[in-house]
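Asker: So that we are looking at the same thing, I have put the structure below in structure tokens.
The values are calculated or read from the model by the stated rules, or taken from the named source; none is laboratory data. These figures come from a predicted structure and were not determined experimentally. Quick reminder, even Gly has a Cβ in these numbers, built from the backbone with ideal geometry, and neighbours come from all protein chains shown. Calculation scope for accessible area: heavy atoms of the full protein, side chains included, ligands and nucleic acids excluded. Shrake-Rupley method; radii C 1.70, N 1.55, O 1.52, S 1.80 Å.
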Amino acid sequence: MKESGQKHGALSPCAACKLLRRRCAQDCVFAPYFPADEPQKFASVHKVFGASNVNKMLQELPEHQRRDAVSSMVYEANARVRDPVYGCVGAISSLQQQINSLQTQLAVAQAEVVHMRMREFTSSSNTGAMDMAVNQDNMGESLWSC
């Protein structure tokens, strides 16, 4: 795990404490998840959720779930900054529409392949039947011509 808060032997505040202009304590709940070298990460989370709410959410979670929770909050906050009304739901909806469109295109392409194969099969069957008819005609003539 990345050690945050340590820089050249001196304590450097995490991105959260730096933005909030407070002293970063040794047991700061934000420090492991918002390192000083990624200030935008906390800034967007703070803008959308507020530092107090993020602090409460992190303290209520077991430590093994906090990294995933922070990752989700960062994703949602970035989506909310891009699209204040729909957030990540807008991105999910857009992706779902793309999936539906691509599935339709795939179904059309598969139907075209089946159609082309059927035409190929039909034309080869007809050609085979014609060849057989021609061969039978020739065969009949050759039998009687003896």
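Asker: Can you tell me which residue in the range 16-37 is most open to solvent (accessible area, probe 1.4 Å), limited to those that are assigned to a helix (DSSP H, G or I) and of a type outside the set (A, V, I, L, M)?
Answerer: Keep residues of the range 16-37 that are assigned to a helix (DSSP H, G or I), which gives 16-20.
Adding the requirement that they be of a type outside the set (A, V, I, L, M) leaves 17-18.
On the way: 17: 2, 18: 107 Å².
Among them, the one singled out is 18.
Asker: Now, a different point. As an exercise: evaluate residue 86 against (1) closer than 30 Å to residue 12 by Cβ; (2) outside any helix (DSSP H, G or I); (3) not charged (D, E, K, R) and give the number of the one condition it does not meet.
Answerer: That leaves (1) as the condition not met.
Asker: Taking the residues in the range 38-79 that are open to solvent by 30 Å² or more (accessible area, probe 1.4 Å) and among the aromatic types (Phe, Trp, Tyr) as candidates, determine which candidate is nearest to the chain's Cα centre (by Cα).
Answerer: Out of the qualifying residues, it is 75.
Asker: Restricting attention to the range 127-146, which residues are open to solvent by less than 90 Å² (accessible area, probe 1.4 Å) and either at pLDDT 60 or above or among the charged types (D, E, K, R) (or both)?
Answerer: Correct list: 127, 131.
Asker: Within the range 38-58, work out how many residues are free of Cβ contacts under 8 Å to residues at least 12 places away in the same chain and in a loop (DSSP other than H, G, I, E, B).
Answerer: Total meeting the criteria: 1.
Asker: In the range 91-101, is there at least one residue being surrounded by 10 or more Cβ atoms within 10 Å (Cβ to Cβ) and within 27 Å of residue 16 (Cβ to Cβ)?
Answerer: yes
Asker: A follow-up question, please. Residue by residue through the range 62-77, note down the ones that are of a type outside the set (Asp, Glu), farther than 20 Å from residue 17 by Cα and in contact with a helix residue (DSSP H, G or I) (Cβ under 7 Å, 6 or more places away or on another chain).
Answerer: Taking the range 62-77 first, the residues of a type outside the set (Asp, Glu) are 62, 64-67, 69-75, 77.
With the extra rule that they be farther than 20 Å from residue 17 by Cα, the set shrinks to 62, 64-65, 72, 75.
Residue satisfying the conditions is 75 alone.
Asker: When you look at residue 74, is it outside any helix (DSSP H, G or I) and of a type in the set (Val, Ile, Thr), yes or no? Write out each step before concluding.
Answerer: Values: outside any helix (DSSP H, G or I): no; of a type in the set (Val, Ile, Thr): yes.
Against the criterion (outside any helix (DSSP H, G or I) and of a type in the set (Val, Ile, Thr)), residue 74 does not qualify.
Asker: Collect the residues in the range 80-90 that are surrounded by 11 or more Cβ atoms within 10 Å (Cβ to Cβ) and either without any contact (Cβ under 8 Å) to a residue 24 or more places away in the chain or among the aliphatic types (A, V, I, L, M) (or both), keeping them in residue-number order.
Answerer: Within the range 80-90, the subset surrounded by 11 or more Cβ atoms within 10 Å (Cβ to Cβ) is 80-83, 86-90.
Those that are surrounded by 11 or more Cβ atoms within 10 Å (Cβ to Cβ) and either without any contact (Cβ under 8 Å) to a residue 24 or more places away in the chain or among the aliphatic types (A, V, I, L, M) (or both): 81, 82, 83, 86, 87, 88, 89, 90.
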